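Below is one structure, written out as structure tokens; the observations come after it.
Just so it is clear, none of the values below were taken in a lab; they were calculated from the coordinates. In this text, all values refer to a predicted model and were calculated from it rather than measured experimentally. Neighbour counts are summed over all protein chains in view; Cβ atoms, including those assigned to glycine, are modelled from backbone coordinates with ideal geometry.
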Amino acid sequence: MSADIAALLQTIADEAIALTDRGAVADYIPALANVPPRQFGIAVATVDGALHRAGSADQAFSIQSISKLFALTLALQREGDDLWQRVGREPSGTPFNSLVLLERESGVPRNPFVNAGALVITDVLCHRYLQPERAVLEFVHRLLSRTSVAIDPQVARSERLHSDRNAAIAHFMRSFGNLRQEVAAILDAYCAQCAIAMSCAELARAALFLAADGVQPGAARVLQAADARRINALMLTCGAYDAAGDFAFRIGLPTKTGVGGGILAIVPGRMSICAWSPRLDATGNSIAAAAAIERFAATTGLSIFR
């Protein structure tokens, strides 16, 4: 099986390079606009400890919204089910940085993976930690059992200087009482968290607890099994912005995407997969990475719907 996965990943990487000229990088964050776009990497980490990779799987990139997954896990560890009083669990059907639903729903975001929901999660962490972005980073270090992953300061500064839309979302939610900390502090922490740089291999390994009922293989329990399953459910229904339904249709696995070009997918009980390529489609999802994970799922027959 290991040889089969390794060979399949190499085939996928060879095919995916041809897709790297489609789409556009996330140039609304200037630091991301400078990333060389014709790159692709993919990695698969299995619950029994194997790691397979192809292409630029060890190239670090800005994980952006994939960081919401780690922040949500940390907040759930601290708040438990009380967290769901402040953020919903439904798909939004709107772009990830939209304000449209917040007025109608009294400042409560639809889910923790749109920007509004992630800002509520960051507000929770700001209450719990003196440096919430460091708490998220150190959580990733514990998952990997090493401290080599870091926040990219150039990306963090670039994102913070161009955070007007997130500031508007935060002030709007604060007017409803759903943010308790100062908006500037929340934005500082949120932009720094999104600027964590990781490779496909690191992301696949870090997310294995979601494939193993909340236990990080070879390490400690991260979440109760029920909470791990619930995060997987949220990834399936909300993890790919307003293309989540299309991803469920095409791939059939829980996924979380980021505008840095990364896509993380979970095969419960088996493995985690991470693919990366910088150019995005109109919904903010990597074209080559999505095609690669779709190809992997179709070829292996791995799907939560089987």
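Quick notes on this structure:
- Compactness of the range 212-253 - radius of gyration and Dmax, Cα, Å: 12.4, 35
- The range 65-194: Cα Rg divided by the 2.2 N^0.38 Å rule of thumb: 0.99
- Distance between the modelled labels on S145 and D164, one decimal in nanometres: 4.8 nm (7 Å Cα→Cβ projection).
- The range 251-306-the range 92-152 distance, computed between alpha-carbon centres (Å): 21
- Coil-residue chymotrypsin sites (Phe, Trp or Tyr not before Pro) of the range 234-306, DSSP, other Cβ within 10 Å capped at 14: F305
- Taking Cβ separations below 4.7 Å as the criterion for a possible disulfide partner, the isolated cysteines in the chain are C126, C191, C194, C238.
- Spin-label model, D48/W84: points 7 Å from Cα along the beta carbon direction are separated by 3.5 nm.
- Taking all Cα pairs closer than 8 Å and separated by 6 or more residues, the relative contact order of the range 65-194 comes to 31 percent.
- Here the mean projected area of the convex hull built on the C-alpha positions of the range 18-60 is 4.1 nm².
- Hull shadow area, averaged, the chain [alpha-carbon convex hull, nm²]: 13.6
- Taking other residues whose beta carbon is less than 11 angstrom from the beta carbon of E182, and scoring Lys, Arg as +1 and Asp, Glu as -1, yields 0.
- Trypsin sites (Lys or Arg not before Pro) restricted to DSSP loop in the range 39-132 with at most 15 other C-beta within 10 Å: R89
- Segment E138-R38, length gained on full extension (0.36 nm per residue, minus Cα span): 32.9 nm
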